[in-house]
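Engineer: Just passing along the structure, written as structure tokens.
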Amino acid sequence: MSSHSLVLRAQDDAEKSLQFTLHDDGRVALKDQPAVPIRVLRRDGNGLLTVLWGDTIINAIVVSSGERGELLQISAGGRTEALRLRDAAIDAMEQALAAAHQTGGTLDIRSPIPGLVKAVLVKTDDAVAAQQTLIVLEAMKMENEIIAPHAGTILTVAVKPGQAVAAGALLIKIQT
Amino acid sequence: MIQKLFIANRGEIALRIARTARRLGLTVSSAFSSADCGLPHLRLCHRAMELVGDPARVYLDSGKIIDAARKLGADAIHPGYGFLAENEDFAAAVQDAGMAFIGPTPEQIVALGDKVQARKAALAAGVPIVPGESKAISDAAAAKTIADRIGYPVLIKAAGGGGGRGMRVVDSAAQLPDALLRAQTEAGAAFNDPRVFIEKYVARARHVEIQVLGDGFGNAVSLGERECSVQRRHQKLIEESPSPALTRETAAKMGALAASLAASVKYRGAGTMEFIVPFGTQDFFFIEMNTRLQVEHPVTELCTGLDLVEEQIRIAGSSEPQPLPFSKPGSKVLDIHAIEARVIAEDTDADFRPSCGKLDLVMLPSGPGIRVDAWAEAGLSVTPYYDSLLAKVLATGQTREQAIGRLALALDETLISPVRTTAPYLAALLMQDEFRSGAYDTGTVARLKQSKANNEKEAGLDPGTAVIAAAEKMSRNGHSGMLPRGPAPRRLSSWQQS
């Protein structure tokens with residue numbers, strides 16, 4: 001279970017913070033709200049993101065915006081808003097979302113950013129625990145750890161050390 | 001008043017319905033199969049849920065659909081076309097669940113969807129029907145009596161459905177018993193209804209249909225015709241309006257009779273009366289009614305400026321007669337030619353076999369006079385579970401020539417890969433003299449294919465069939481990433497001649 005905050009930027013550019021908690025089973029609770037199942041219906045390499053939050057459809061365009069985090073243009077319930085996710089919240093959210101609905105299936109671990117694979121710490125058939133580091137990815141001279149959002153078994157390792165990867169590239173497949 | 005609409009469908013029609021519903025300010029919901037979670041109509045929905053189960057069957061599961069609509073708080077269900085759209089039990093169950101069914105009443109679906117009963121209703125309303133017998137036949141002796149009376153060739157048709165299944169052309173009495181048995185078996189398997197009937201077979205015919213709209217209280221209007229003779233094995237490929245075969249007087253007469261038939265049964269909502277027109281004549285005979293929105297309804301929307309889904313919602317949501325469009329004398333109808341081509345995931349080079357897989361490239365056309373209704377997007381997959389219609393590409397023009405030219409270019413601009421589609425084939429078909437002249441019939445596509453085969457056998461391609469050959473070569477090459485620049489199709493297109 002981990003806590004994250006979303007910064008909601010309204011039309012007048014005022015920012016509103018939205019607290020949410022990710023549960024290990026993938027449910028998401030907004031502050032003071034009951035947790036609901038959440039599921040990524042579609043995420044394309046071009047930034048398109050469609051999420052089912054309970055039974056509500058949320059559409060977003062994810063735009064990488066450097067140091068201030070990832071900017072999302074969100075439309076839900078007929079309104080479109082810009083939404084900024086601080087830190088790596090979007091990756092955590094997406095991976096948790098995927099994991100929730102991939103239990104008993106396969107889970108694709110994708111690169112959140114373009115970068116260079118520094119190290120691959122697991123191999124096919126390894127059992128991994130949730131939060132275990134799988135890959136170290138170098139981007140913008142920083143080493144970023146790619147972690148398993150869910151316990152499982154490694155099905156495929158799609159990259160090798162030294163390999164350059166694009167954002168959204170498949171890194172690892174996990175059987176959950 | 002309908003406020004919360006549930007869409008019981010998928011693909012392009014779900015998207016098309018969602019667009020109107022959103023514009024009308026409704027809350028829109030839908031339920032999707034496990035194969036369909038990426039479809040674009042979901043982006044227009046406020047709420048959604050998965051239909052758990054076999055993706056090939058869940059959209060036909062009336063109980064699951066109604067349950068989903070209830071959970072998502074809907075007060076009305078739009079069935080689209082196909083799936084449960086013409087299922088009277090579903091329509092009744094929707095009403096029993098306290099929601100509005102956007103379509104005719106269950107009784108009307110039964111009365112008009114059944115071909116034998118529809119013939120009787122047409123006869124009563126004074127609409128000409130194909131010579132034949134308006135009752136189901138069971139034994140060969142009865143069939144022979146009827147066939148002898150109306151004269152060979154005759155057509156055996158299924159009472160309970162269409163699409164060419166349960167249909168047999170019979171040239172002589174000797175063929176009759178065997179053909180009857182096979183038609184009954186086929187109809188039973190396809191529609192769970194082995195009833196067949198016999199009518200006169202019109203060897204060379206055009207297929208023209210009238211869009212009607214009824215208020216459910218005995219008022220109905222015709223919204224003009226659609227010419228649907230470009231068919232391959234009873235599947236429509238290209239539709240246009242006005243029909244190049246009919247005089248305006250004939251079209252008006254056909255429309256008035258169709259409207260009076262709809263009015264006579266107090267038809268509610270949008271429906272289509274299908275007619276056959278013997279080639280080269282102004283005669284017409286009613287064959288059947290489709291009690292739903294049709295795939296090709298945008299042709300009528302472009303010719304009238306109407307939104308048929310909006311009309312359907314308005315009529316279904318009211319307990320009082322709603323004013324119908326064009327019902328006042330002197331109402332202005334647009335003077336426009338509209339034409340539609342169906343871009344289907346089929347390999348035209350391999351006998352139109354369905355082509356499945358991930359769509360890596362999808363580039364859809366636009367421009368003056370172009371409308372595209374499509375669900376296809378790069379990144380999505382064409383799965384084997386459903387109808388393989390990817391996109392409907394439509395063009396309008398002030399003249400038929402202009403509309404055809406625009407559509408041909410739009411089909412050229414339609415780049416889809418690696419899944420193969422009918423787009424290049426249809427672009428070439430539009431350039432055929434037989435189509436350009438307007439003097440085509442329901443056998444045209446098959447004859448062009450046959451003449452191509454004969455020509456290839458003689459190893460000499462004539463210029464006309466070379467176009468088809470070039471188009472098939474293009475589709476074979478996968479159409480990937482570049483506009484095809486084969487010389488033959490370009491040479492004939494009107495937009496370059498003008």
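Computed from the coordinates by the stated procedures, all read-outs in this text should not be read as laboratory data. These numbers come from a predicted model, not from an experiment. Please note: Cβ atoms are built from the backbone with ideal geometry, for glycine as well, and neighbour counts cover all protein chains shown.
Engineer: Go from 0 up to the bin containing the longest alpha carbon distance in segment B:131-200, width 10 Å each, and give me the % of pairs per bin.
Structural biologist: Going out from 0 Å in 10 Å bins, segment B:131-200 shows 25, 59, 15 percent.
Engineer: Check cross-link reach from B:Lys392 to the lysines: straight Cα distance under 18 Å, and skip same-chain residues fewer than eight apart.
Structural biologist: Straight-line reach from B:Lys392, under 18 Å: B:Lys236.
Engineer: Next up: Round to the nearest 0.05 the FRET efficiency obtained for B:Leu334 and A:Ala164 when R0 = 51 Å and r is the Cβ-Cβ distance.
Structural biologist: Computed FRET efficiency for B:Leu334 and A:Ala164: 0.35.
Engineer: Can you work out D for segment B:338-394 in µm² s⁻¹ from Stokes-Einstein, where Rh is the Kirkwood radius over C-alpha pairs, the temperature is 10 °C and the viscosity is 1.306 mPa s?
Structural biologist: 130 µm²/s
Engineer: Suppose we take every Cα in segment B:254-305 and form the convex hull; what volume per residue is that in Å³?
Structural biologist: Measuring per residue, one finds 106 Å³ for the Cα hull of segment B:254-305.
Engineer: While we're here: Viscosity 1.306 mPa s, temperature 10 °C: Stokes-Einstein D of segment B:147-242 from its Kirkwood Cα radius, in µm² per second?
Structural biologist: D, rounded to a whole number, is 104 µm²/s.
Engineer: Something else now. Give, rounded to the nearest 20 debye, the magnitude of the charge dipole that chain B has about its Cα centre when Lys and Arg contribute +1 at Cβ and Asp and Glu contribute -1 at Cβ.
Structural biologist: Once rounded to the nearest 20, the dipole reads 380 debye.
Engineer: Quick one: what Rg and Dmax do you get for segment B:4-102 from the alpha carbons, in Å?
Structural biologist: Using the Cα atoms of segment B:4-102, the pair Rg, Dmax is 11.8, 33 Å.
Engineer: What is the calculated FRET efficiency for B:Asp283 to B:Ser318, with r their C-beta to C-beta distance and R₀ = 41 Å, to the nearest 0.05?
Structural biologist: 0.60
Engineer: Now a separate question. Kirkwood Rh and Cα-based Rg: tell me the resulting Rg over Rh for segment B:205-417, rounded to two decimals.
Structural biologist: Answer for segment B:205-417: 0.99.
Engineer: Now for a different question. Using packing as a proxy for protection, rank B:126-133, B:360-367, A:146-153 so that the peptide with the highest average count of other Cβ atoms within 10 Å comes first.
Structural biologist: In descending order of packing, they fall as A:146-153, B:126-133, B:360-367.
Engineer: Also, quick follow-up: Lysines near A:Lys160 by alpha-carbon distance under 25 Å, same-chain residues fewer than 8 away left out - which ones?
Structural biologist: A:Lys118, A:Lys123, A:Lys141, A:Lys173
Engineer: Also: Which values of log₁₀ I(q)/I(0), to two decimal places, follow from the Debye formula for segment B:63-113 at q = 0.17, 0.19, 0.27, 0.32 Å⁻¹ with a uniform point scatterer at every Cα?
Structural biologist: -0.44, -0.55, -1.06, -1.38
Engineer: Given the -39500 (n - 2.57) contribution per DSSP H run of 4+ residues, what per-residue ellipticity at 222 nm results for chain B, rounded to the nearest 500 deg cm²/dmol?
Structural biologist: Counting only the DSSP helices, I get -10500 deg cm²/dmol.
Engineer: Still on this structure, please answer the following. Could you tell me how far the Cα centroid of segment B:130-202 sits from the Cα centroid of segment B:1-80, in Å?
Structural biologist: Comparing the Cα centres of segment B:1-80 and segment B:130-202, I get a distance of 38 Å.
Engineer: Report D for segment B:292-437 in µm² per second (integer): Stokes-Einstein, Kirkwood Rh on Cα pairs, 4 °C, 1.567 mPa s.
Structural biologist: Answer, rounded: 77 µm²/s.
Engineer: In bins 5 Å wide, starting from 0, what share of all Cα pairs of segment B:206-270 does each bin hold, as a percent?
Structural biologist: Reading upward from the zero bin: 4, 20, 24, 18, 16, 13, 4, 0.
Engineer: Here's a follow-up. Quick check: convex hull of the Cα atoms in segment B:357-445, volume per residue, rounded to a whole Å³?
Structural biologist: 99 Å³
Engineer: Could you list, in their original order, any pairs among B:Lys200/B:Lys449; B:Lys200/B:Lys253; B:Lys200/B:Lys328; B:Lys120/B:Lys253; B:Lys120/B:Lys144 whose Cα atoms are separated by more than 29 Å?
Structural biologist: As for pairs spanning more than 29 Å Cα to Cα, those are B:Lys200/B:Lys328.
Engineer: Starting from the eigenvalues of the Cα gyration tensor, five times each then square-rooted, give me the equivalent ellipsoid semi-axes of chain B, largest first, whole Å.
Structural biologist: 32, 30, 23
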